[in-house]
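These notes concern the structure reproduced below.
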Amino acid sequence: MITPGEIVNLKVDKELHICPACGYELGFHTSFVSVHSGNDTPVRSTRSVYRVILICPDCGARYDVGWQVTFSEPAPRIVKTTTIRDI
């Protein structure tokens, strides 16, 4: 099992598919790390912001290339259905 490495900041030039640590050439896996992890904030938001972390599947090196994504909690939905009765 590969132990994940420390997250390294990495600048993307034209393309990034080769791991700078080991030379693996077939791209990366992704994971998401909460931007607010470890922060005690009194106000909660329904939107969560995550850093996108690239992980080399060969050596486990992890890279932060500055991408962030926002996930919103789905709003609860009530679905009304109609029934047809035999008369």
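Observations on the model:
- Additional length obtainable on full extension of the chain from PHE71 to LYS14, 0.36 nm per residue less Cα span: 17.8 nm
- Environment charge at PHE32 (Cβ cut-off 13 Å; Lys +1, Arg +1, Asp -1, Glu -1): +1
Read-outs: derived from the displayed coordinates by stated rules, not from any lab. This is a predicted model, so every value here is computed, not measured. Virtual Cβ from ideal backbone geometry, glycine too; neighbours counted across all protein chains shown.
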